[in-house]
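Down below is the structure, laid out as structure tokens.
The values are calculated or read from the model by the stated rules, or taken from the named source; none is laboratory data. Just so it is clear, the model here is predicted, and its values are computed rather than measured. All Cβ positions, glycine included, derive from the backbone under ideal geometry; neighbour counts span all protein chains shown. Side chains are part of the model used for accessible areas, which takes the heavy atoms of the whole protein and leaves out ligands, DNA and RNA. Shrake-Rupley method; radii C 1.70, N 1.55, O 1.52, S 1.80 Å.
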Amino acid sequence: MRVYYFFKNLFLNYIIKTRQQLLRFNLTMLVLKKVKIRLKEINSKKLSKTQLKEIRLFYRKRGYKHVKTHWHRFYTAANNQFSEKYIPEDIFHVVVSNALNEMKQWPALLDKNLSERLFNGFKQPVSVVKNVNGFYYVNGRPASMAEAIESCCNYEDRLVIKPTIESGGGREVIGFSIVDRITNHKSLTVEELLNYYKKDFIIQGVVNQHSALKKLNSSSLNTLRIMTYLKEDDVHVLSSILRIGSVGMFTDNSASGGMVCGIKEDGKLREFGYLASGDNKTKTDTNIVLKDYEVPSYNKALGMVKGMHSKVPYFRIISWDIAIDQDEAPVFIEYNTYRQSIGIHQFCNGPLFGDFTDELLEIGRQYKSLA
């Protein structure tokens, strides 16, 4: 019997590992396809022979052969800053991220309905209704649909509804208000809206963001995206950017037409913001100059994500979305471990791993050699 369970567990682990690798591979191929298409669209200048040699030599010395250089070309075309240390997305998603983040814990720990428990003590949006696998909860207690509807109708401010599992890129994230049990989203009743989402979603109060961030675009919640790396000694910030929505859009995602702009160590914005296409801008759609615009409570936000990261050590590299509210307090929105977009960081701030480049590539190399 023990032999049976041994081989059963061995087989299950093999299936899980194969599924993880397939997910990472598919994600990488999708991103690579998009980059290739965009390179053709912008007719970007090819990398020089010297630049290609520098990239291949840099990665070969660190145990990586046949490195794809499409991402180096894309980032260089976008920000006019070449570096052999840019991290290609196939190396990040298939190798480094696999080495550092436990896919067995995904997507369970990323269910947004668990965030209040996981990060208890850290400020989060007000939860009005939760739906977990079809079951409703209000104020942490099981509730009927009728009670969930009543909870929404009794809330005196705007609400946001979003899926709690696999909702990257702002998909199905809708802001709405209610008058006489009718929402302003396609004039759906509250009941019809809940039925549309079916299960696994959350309804929260909209965060009243800081006036300095609201000036950049008032229709969206403009959030900080901070990537951190957990080590034994500390939590280290790899890169920080500000995501700014486009006029009229509720979400701030670049996939929805928004832009991203790098945040310097002093908490001020860099000169250029970038669209998903790689095109750059020096001003927001509201005509605010980006260069040296101060991000409120930046150091508080860094302190928050460092405190939260140690709560989920299964994931050693995490991308955090943090809002700043009208009281200058950072508010945790969500975190990402699987579909982490590294391109937006490298557009804005250069090579992602910075001082940890050799260290993280070596961790990936060791993982690759054992796989």
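Checking Val94 against (1) under 26 Å from the mean Cα position of the chain (by Cα); (2) at pLDDT 95 or above: exactly one of these is not met. Which one?
Condition (2) is where Val94 drops out.
Residues are listed down the side, and each one gets a yes or a no for (1) in a loop (DSSP other than H, G, I, E, B); (2) at pLDDT below 95; (3) under 19 Å from the mean Cα position of the chain (by Cα):
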residue: Asn195; (1), (2), (3): no, no, no
residue: Ile202; (1), (2), (3): no, no, yes
residue: Leu216; (1), (2), (3): yes, no, no
residue: Asn222; (1), (2), (3): yes, no, yes
residue: Arg225; (1), (2), (3): no, no, yes
residue: His236; (1), (2), (3): no, no, yes
residue: Ser239; (1), (2), (3): no, no, yes
residue: Arg243; (1), (2), (3): no, no, yes
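Against the definition (open to solvent by 50 Å² or more (accessible area, probe 1.4 Å) and modelled with pLDDT under 95), how does Gly121 come out, yes or no?
Working: open to solvent by 50 Å² or more (accessible area, probe 1.4 Å): yes; modelled with pLDDT under 95: no.
Spelling it out, it is not the case that Gly121 is open to solvent by 50 Å² or more (accessible area, probe 1.4 Å) and modelled with pLDDT under 95.
For region 295-324, which residues satisfy the criterion of being in contact with a strand residue (DSSP E or B) (Cβ under 9 Å, 6 or more places away or on another chain), open to solvent by 10 Å² or more (accessible area, probe 1.4 Å) and charged (D, E, K, R)? Steps first, please.
Narrowing region 295-324 to residues in contact with a strand residue (DSSP E or B) (Cβ under 9 Å, 6 or more places away or on another chain): 295-298, 300-310, 312-324.
The next check asks that each one be open to solvent by 10 Å² or more (accessible area, probe 1.4 Å); those that pass are 296-298, 300, 302-304, 306-307, 310, 313-314, 316.
Listed by number, the residues that qualify are Lys300, Lys306, Arg316.
Quick check on my filter: what residues within region 177-191 are at negative phi and either over 27 Å from the mean Cα position of the chain (by Cα) or crowded, with 20+ Cβ neighbours inside 10 Å (or both)? I'd like the intermediate steps shown before the answer.
Here is the first cut: in region 177-191, the ones at negative phi are 177-179, 182-185, 188-191.
Correct list: Ile178, Val179, Ile182, Thr183, Asn184, Leu188, Thr189, Val190, Glu191.
Only one of these conditions is not met by Thr357: (1) open to solvent by less than 60 Å² (accessible area, probe 1.4 Å); (2) touching a strand residue (DSSP E or B) at 6+ places or on another chain (Cβ under 9 Å). Which number is it?
(2)
Please go through region 64-75 and give me each residue that is under 12 Å from Leu52 (Cα atoms) and out of contact with any Asp or Glu (no Cβ under 7 Å at 6 or more places or on another chain), ordered by number.
If the condition is that a residue be under 12 Å from Leu52 (Cα atoms) and out of contact with any Asp or Glu (no Cβ under 7 Å at 6 or more places or on another chain), then His66, Val67, Thr69, His70, His72, Arg73 are the ones that fit.
Which condition number does Ser277 fail, the rest of (1) in contact with a helix residue (DSSP H, G or I) (Cβ under 9 Å, 6 or more places away or on another chain); (2) hydroxyl-bearing (Ser, Thr, Tyr); (3) surrounded by 15 or more Cβ atoms within 10 Å (Cβ to Cβ); (4) not in a strand (DSSP E or B) being met?
With (1) in contact with a helix residue (DSSP H, G or I) (Cβ under 9 Å, 6 or more places away or on another chain); (2) hydroxyl-bearing (Ser, Thr, Tyr); (3) surrounded by 15 or more Cβ atoms within 10 Å (Cβ to Cβ); (4) not in a strand (DSSP E or B) applied to Ser277, the lone miss is (3).
Test Leu194 against the criterion of being open to solvent by less than 20 Å² (accessible area, probe 1.4 Å) and either touching a strand residue (DSSP E or B) at 6+ places or on another chain (Cβ under 8 Å) or on the phi > 0 side of the Ramachandran plot (or both), and give yes or no.
Values: open to solvent by less than 20 Å² (accessible area, probe 1.4 Å): yes; either touching a strand residue (DSSP E or B) at 6+ places or on another chain (Cβ under 8 Å) or on the phi > 0 side of the Ramachandran plot (or both): yes.
When the stated conditions are applied, Leu194 passes them.
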